[in-house]
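Please treat every number below as a calculation from the coordinates, not as lab data. Just so it is clear, the model here is predicted, and its values are computed rather than measured. Methodologically, a virtual Cβ is constructed for each residue, glycine included, from the backbone with ideal geometry; neighbour enumeration extends over all protein chains shown.
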Amino acid sequence: MIYDEVKKILAPCGLNCMKCQAYTEGNIKRHASELKRLLGSFDIYAERFSRFLPVFKNYPAFKELLAQFSEANCKGCRQGDCKYPNCGVGPCSMQKGVDFCFQCAEFPCNKSNFDPNLHERWIKMNRRMKELGVEAYYEETKDQPRYV
């Protein structure tokens, strides 16, 4: 893929929007929607199965979570629709005029507002993008799970 195509998929922080649970055009939404369709009116069966398979007592909570995944509506971080509370990366990258954080002279900084785990991943992703180049980084990570 060329740089501009990759830039549509990767957020300024380096995360792949296509793999996000909130992304409206992502695989998680697509698969969750299909599973929801395939399950149809499974509620009565889950209740029946729960009599001899206790795990099915959790079906209402599962169904609620599946609905959340299947109703994902984020258009992507570059469209200003980031779902991470108080994310500082999008506004900062726009202000600095960079596509990715590693391109900023101040990287790494404390403006991301990420929790410690995501902050560490953000630094690691951006250093890897700088090392490989954006296109090669995308190719290296495109088939890896987002949530590691």
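Things worth noting here:
- Condition check for Phe49: surrounded by 17 or more Cβ atoms within 10 Å (Cβ to Cβ), among the aromatic types (Phe, Trp, Tyr), in contact with a Phe, Trp or Tyr (Cβ under 7 Å, 6 or more places away or on another chain) and farther than 16 Å from Gly14 by Cα: no
- For segment 77-91, the criterion of being under 22 Å from the mean Cα position of the chain (by Cα), surrounded by fewer than 13 Cβ atoms within 10 Å (Cβ to Cβ) and closer than 20 Å to Val134 by Cα is met by at least one residue.
- Across segment 14-41, the qualifying residues are those that are touching a strand residue (DSSP E or B) at 6+ places or on another chain (Cβ under 7 Å) and of a type outside the set (Val, Ile, Thr), and the one among them that is farthest from Glu71 (Cα to Cα) is Asn16.
- Residue within segment 114-132 that is farther than 19 Å from Val89 by Cα and touching a helix residue (DSSP H, G or I) at 6+ places or on another chain (Cβ under 7 Å) present: yes
Residues are listed down the side, and each one gets a yes or a no for (1) closer than 26 Å to His31 by Cβ; (2) in contact with a strand residue (DSSP E or B) (Cβ under 6 Å, 6 or more places away or on another chain); (3) part of a helix (DSSP H, G or I); (4) among the polar types (S, T, N, Q):
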position	(1), (2), (3), (4)
Phe62	yes, no, yes, no
Tyr84	yes, no, no, no
Asn117	yes, no, yes, yes
Glu120	no, no, yes, no
Tyr137	yes, no, yes, no
Val148	yes, no, no, no
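- Wholly within segment 1-57, helices (runs of 4 or more DSSP H) carrying at least 1 residues that are within 14 Å of the chain's Cα centre (by Cα) and free of Cβ contacts under 8 Å to residues at least 60 places away in the same chain: 27-39
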